[in-house]
1. In nm, to one decimal, how far is the residue 184 label point from the residue 42 one, both placed 7 Å along Cα→Cβ?
2. Which order do peptides 202-211, 21-30 fall in by mean Cβ count within 10 Å, highest first?
3. Give me the one-decimal nm value for the distance between modelled label points at residue 109 and residue 208, 7 Å along each residue's Cα-to-Cβ direction.
4. Going by C-beta contacts inside 10 Å, put 71, 32 in order with the fewest on the left.
5. When the chain is fully extended, how far beyond the present Cα-Cα distance does residue 96 get from residue 125, taking 0.36 nm per residue of separation?
6. Cα centroid distance between region 167-186 and region 88-147, in Å?
7. By per-residue mean of other Cβ atoms within 10 Å, what is the highest-first order of 153-161, 173-181?
8. Place the peptides 108-118, 55-65, 130-140 in order of packing, highest mean first, counting for every residue the other Cβ atoms within 10 Å and averaging per peptide.
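What follows is calculated from the coordinates using simple rules that are stated; it is not laboratory data. Keep in mind that this is a model prediction, so the values were computed, not measured. FYI the Cβ positions are ideal-geometry reconstructions off the backbone, even for glycines, and counts take in every protein chain you see.
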């Protein structure tokens, strides 16, 4: 099976074309990067826990980067993460531009618009740093775990997501709120929520996305497996 993946990945690479799965996942990834910053302006309550709503779309970024990693290899996944900075920064700048523009005479929600979307520079910096480090770590861990878990995509996805989300939450909350809000309650609540959702959502969704990608590509793309020809399917 490993030799089959190697041959298929080599054929796909030599064709020079963009696979269907990579095209679709890249578009969805870029959209989720943009919407994560908007959703993050709302704080939601899940039972006794409070957390920013952008967490749901951010976990989908973890799912997609892991699926791209499995299908197309860690180098492509890392490029996807780096290119994600473009829509992230561009959307933040456009929001600031729109806030600065005067509202129409009949538009009476300017203050509410600013209050909801006008995140400060500190939050923007926190989001950029946490995104870059945690997503890069997720790609690295997902790939490195291959030697121990082989083709168990769901397990590798879950482990990588849990560790990377601990880093993401700690970095973002510390940079964004240290000295302004009690940090420990925010960390405890955020970590519990993210770890719980990472375990519940990510393993299943990663496996589903990988299966979808293989179906879309006709089973021809599995460069993650090709990168480790000694692995066997499980």
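1. It is 3.2 nm.
2. My ranking of the peptides, most packed first, is 202-211, 21-30.
3. Label at residue 109, label at residue 208, 3.0 nm between them.
4. Working: 71 29, 32 21.
Sorted ascending by nearby Cβ count, the order is 32, 71.
5. Values: separation 29, 0.36 × 29 = 10.44 nm, distance 1.42 nm.
Using 0.36 nm per residue and subtracting the Cα-Cα distance, I get 9.0 nm.
6. Region 167-186 and region 88-147 have Cα centres spaced 17 Å from each other.
7. 153-161, 173-181
8. 55-65, 130-140, 108-118
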